[in-house]
Amino acid sequence: MQYKTIFISDIHLGTKYSKAHEFLNFLKHNESEKLLFVGDIIDGWAIKRKFKWLQSHSNVIQKVLKKARKGTEIYFITGNHDEFLRPFAPLFMGDNLQIVNEITHIGIDGKRYLVTHGDFFDSITMTHKWLAIAGDIGYDFVLFLNHILNKFRKMCGINRYWSFSKYIKDNVKSSISFINNFEDILASHAKHKKYDGVICGHIHKPEAKMIEDIIYYNCGDWVENCSAVVEHYDGRFEVIYWEQK
């Protein structure tokens, strides 16, 4: 599939649960003029705890660099997990590859979109980093439970994947409140800065909606959802979910 722009966030290369194989398959079947990575591509937090770097993770980096050499315009927008890159931004790595902390994207429709990972609008990450790291470890445990539960479901003949972590996000009151606050604060900031919309990641919850008069898109992640935001040549934006081909 050919798109004008593809937005991807939260691949978390360097972690056990990164769906690097699925993302490589996505890159194989989809092309775009611009490819924007919206933070948390490499998980520096996890690598500090326990180094785990698979060949598939190196293959992702090599594939992205190959796309840049072939003319795809690529931006790496830093996130909290790859914050080690922030002191170097903006960093130009050849004609088609840049590392930045945020960027303005002008859509085919002429609208201005703030593209940012979103962690600057998460009060826990910004003011209580130790708590954010503890939450990250807890998230890994929930992903482990996902794996165990779905293995058991397959043994019982239930092949449909079920996500315990997604259930928590969608049904636990405190989680819903956190997500709503994050979205509202980010949309308010975009409105204050005279943007028409915002494209972000961080909370691993794919989304496309209006918040008052601001267009809000969240790319989701490549740990559970295998999702992306894409811009079509007719100016439409869409959240898509990828299934291995």
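The values are calculated or read from the model by the stated rules, or taken from the named source; none is laboratory data. These numbers come from a predicted model, not from an experiment. Backbone-built Cβ (ideal geometry, glycine too); neighbour counts: all protein chains shown.
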Out of everything in the stretch 86-111 that is crowded, with 16+ Cβ neighbours inside 10 Å and touching a residue at least 40 places away in the same chain (Cβ under 8 Å), what residue ends up being farthest from residue 33 (Cα to Cα)? 103
Members of the stretch 28-53 found to be surrounded by fewer than 20 Cβ atoms within 10 Å (Cβ to Cβ), in contact with a Gly (Cβ under 9 Å, 6 or more places away or on another chain) and under 18 Å from residue 223 (Cα atoms), listed by number: 44, 47, 51, 52, 53
Hey, among the residues in the stretch 199-215 that are touching a His at 6+ places or on another chain (Cβ under 8 Å) and assigned to a strand (DSSP E or B), which one's farthest from residue 120 (Cα to Cα)? 199
Unmet criterion (only one of (1) modelled with pLDDT of 95 or more; (2) under 20 Å from residue 9 (Cα atoms)) for residue 195: (2)
Filtered residues of the stretch 221-235 (kept if in contact with a Ser or Thr (Cβ under 7 Å, 6 or more places away or on another chain) and modelled with pLDDT under 95): 223, 224
In the stretch 216-238, what count of residues is obtained for those that are out of contact with any helix residue (DSSP H, G or I) (no Cβ under 9 Å at 6 or more places or on another chain), surrounded by 18 or more Cβ atoms within 10 Å (Cβ to Cβ) and either outside any loop (DSSP other than H, G, I, E, B) or hydroxyl-bearing (Ser, Thr, Tyr) (or both)? 6
When restricted to 28, 19, the only residue more than 22 Å from residue 73 (Cα to Cα) and out of contact with any Asp or Glu (no Cβ under 7 Å at 6 or more places or on another chain) is 19
Index of the failed condition, residue 183 passing every other in (1) buried (at least 20 other Cβ atoms within 10 Å of the Cβ); (2) within 21 Å of residue 13 (Cα to Cα); (3) without any contact (Cβ under 8 Å) to a residue 40 or more places away in the chain: (2)
Looking at the stretch 192-206, is at least one residue buried (at least 22 other Cβ atoms within 10 Å of the Cβ) and more than 16 Å from the chain's Cα centre (by Cα)? yes
Residues (in contact with a strand residue (DSSP E or B) (Cβ under 7 Å, 6 or more places away or on another chain) and either among the basic types (Lys, Arg) or without any contact (Cβ under 8 Å) to a residue 24 or more places away in the chain (or both)) located in the stretch 25-57: 34
Filter result (crowded, with 18+ Cβ neighbours inside 10 Å, closer than 18 Å to residue 17 by Cβ and not β-branched (Val, Ile, Thr)) within the stretch 54-85: 57, 79, 80, 81, 82
Considering 209, 169, which residue is at pLDDT 95 or above and within 19 Å of the chain's Cα centre (by Cα)? 209
Just to verify a result, which residue in the stretch 1-26, among those that are surrounded by fewer than 17 Cβ atoms within 10 Å (Cβ to Cβ) and among the polar types (S, T, N, Q), is nearest to residue 231 (Cα to Cα)? 2
